[in-house]
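Notes follow once the structure below has been shown.
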Amino acid sequence: MSENKDNDMKNSDLENEFFEEGEKEQAPLDFSFKPSWSKKWKRNPYVSIAVIFFSSVLIYLFFNDFIYGVKGLFNSSPTDIGDISRAIEKGTLKSNQFVKISGRPIIQSILPVPRGQKLFHPRTQKNASGYYLYFILQETENSVIVKMASDKPQFIGDIPTVHTGRVVKIDDVKEGARIQAFYKNNMKDLDQDILFNPMFMDKEKDPPRILEMYRKNKDNLKNNTGVFITDTSRVIKPHGDFKVDVKAYFEGDYILTFNRKKEISAEISVTSGTYKADVCNGQKGGDVIIERSLDIHSLPENESVTGNSHVEKTDPVKNPAADPLKSTEKPVVINHDKKATGNKPSVKDTAEKTSELRDKIIKVPYGTRILEMNSMTEIPFDKKGRMIIEGAKCNAKSVSLKLGMVWMPFAELPDVLYWLKLKNYPFSIPSELIANTYDGNEGDWEVIVRMPSEDAMAISAKSGIVKKCDSKIKGPGQCKYIYPEMYIRPRSAFIFNTEMRNISLQGESLVIAGTRTDFPKYLKETKRTFKYSQNGVRRTMTASVLEHEKLQSTYSLPLKSLRKFKFYPPVNIPSNAYVIVGNETPRSWGVLWKIPVVLILFLIMVFNFRAVFLHFFAKK
């Protein structure tokens, strides 16, 4: 009995022990929500890192628009900052603002880009309508660019001076780098003229300012100070990136322009010869013949010309007055038989020979027109280029005429060259003469000529246009303009688009490295015989001519020949420049949609930051 009781006690103790241990191990059920920082993230944490990275990039790209749009929610009107140059000085022009400014654009800097077309990548845009105009504002040192929409690739109507838009840095504009490169490589800043020696400088007549600029610029160039004074008295210091045009004179070389329509005139009195005889057998007095000639290049002076007369008697040997060769006309009137001139003919001469010797010939330049002064009618020449005033018949009265001669000395190019040859001026043979294409040309002749400066000054003094008015005539025909025979200007050397770094000074010469084929060539003097055609006749001429020299590796210009420098500073857009995007308001749809996007991306970043933190840094 006692044993059973002891066994029962042991079993109850074991049960109690079992249930007590079970109660200790089993936790009570709690259905309430409590946050737990235990490690429960099961996805790959590197995905969260990637999401954080891309979200931060998008927020960075949209952040300026986000701030700009949030500001616009409170104030959508632009801030008026006034004149752009003063705003830059005061520092009131800041990025990411909606502003209203005033400033004049630089017309030369307009860059039109069709809407919908990538900048500097031209392609057909069927759906593109209008343009975006980029231009630089004046007095900003190229630091403010305006982008505005337009229907045309240029300004319509008045030039805009007030601009409204959003201010952004050029680095924040997707086409900013290409805009900078385009302006630097394709456009030049406002040119600056540097005046040197003007043609025919006269210290007494030229303004003192010009003479002073000439002296200072020349001294600065010699001293290599790199300082120049412009025509507007502005001092600039060019550097190697400056593009420069150089204009200089070729010393002693000039360009003569000959007036093809210039006319000169002369008057002569012509009287036919007579024939007096006791018995008339059809004889007549000596003819006066006016003949055109290519070898004559001047009109006869005003004079009287009389044909040879003849008096026939029984014994012609005893009557010297019957000498048919006797003449008082020396320089212009030429006897047809030159060998017989001045010699007394023999009695055995035939009648035909005597008649031939009585003719007098007046040679005039080819192209001369003859007018009868009383009736002012033109007398034609025959096919041989001769006009004959026949001698009076036997015992008849002589015929007297007053004739006017009109000639254009420079109507034909060979006449011009012959005039230069007579003056001993070396000249450059015009290409029209070599190609024989000058006959149909219109306009004046231009020939490069080398002559002393004194002669050039004399021609220049006579190159003015003279105005003559007649008070008796009323109306448009009251005044007439008389144009000179020729104009003169120096032959200039124009050297374009050369970098300043290629220009140096050696002694008294300006040396330009890297000679190009478009540089004007120097001319050397030489003797040459050339052929040409005039009025269908092949002719030759030997004269001193000017021919091109071969280009050397460097181009040298004497300092005294310099005329002008024209500097073109490159359009350098600074890296801190601003672009004013026209009509981009803070409440435009292109800005507003980015506000919720940025907020959503920010929340996504927060949740992914928490997940990464729990995975790598939370304690167990």
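The values are calculated or read from the model by the stated rules, or taken from the named source; none is laboratory data. Everything numeric here is computed off the predicted structure, so don't read it as measured data. Cβ: placed from backbone, ideal geometry, glycine included. Neighbour counts: every protein chain shown. Remember, those area values only see protein heavy atoms, side chains included, never the ligands or the DNA or RNA. Shrake-Rupley method; radii C 1.70, N 1.55, O 1.52, S 1.80 Å.
A Förster distance of 41 Å, applied to the separation of the beta-carbon atoms of L551 and A181, puts the FRET efficiency at 0.80. Of the listed residues F565, F616, F607, the order by accessible area with a 1.4 Å probe, largest first, is F607, F616, F565. Full extension of the chain between D518 and S544 gives 6.8 nm of extra length, using 0.36 nm per residue less the Cα-Cα distance. Here the simple spin-label model places points 7 Å from the Cα toward Cβ, and for M457 and K383 these points are separated by 5.6 nm. Taking every alpha-carbon pair within segment 447-502, the share separated by more than 14 Å comes to 70 percent. Pairs K216/K566; K243/K524; K423/K462; K247/K423: which are spaced more than 19 Å apart, C-alpha to C-alpha? The answer is K243/K524; K247/K423.
Cα extents for segment 486-620 along the principal axes, largest to smallest and rounded to whole angstrom: 113, 42, 28. Near the amide H of K393, within less than 5 Å, lie the amide hydrogens of G285, all on another chain or at least 5 residues away, with H placed in the peptide plane.
Rolling a 1.4 Å probe over the protein chains gives T529 an accessible area of about 90 Å². Per residue, the average separation of C-alpha pairs within less than 8 Å and at least 6 apart gives segment 263-309 a relative contact order of 56 percent. Using θ = phi - 60° in the Karplus curve 6.51 cos²θ - 1.76 cosθ + 1.60, the 3J(HN,Hα) couplings for segment 143-158 round to 9, 10, 10, 10, 10, 10, 8, 8, 7, 10, x, 8, 5, 10, x, 6 Hz; x is entered for Gly and Pro. From the alpha carbon centroid of segment 593-615 to that of segment 67-87 is 30 Å. Give a quick list of GluC sites (Glu not before Pro) in segment 441-491 that DSSP marks as loop, anything other than H, G, I, E or B, with at most 11 other Cβ atoms within 10 Å. Qualifying residues, ordered by number: E442.
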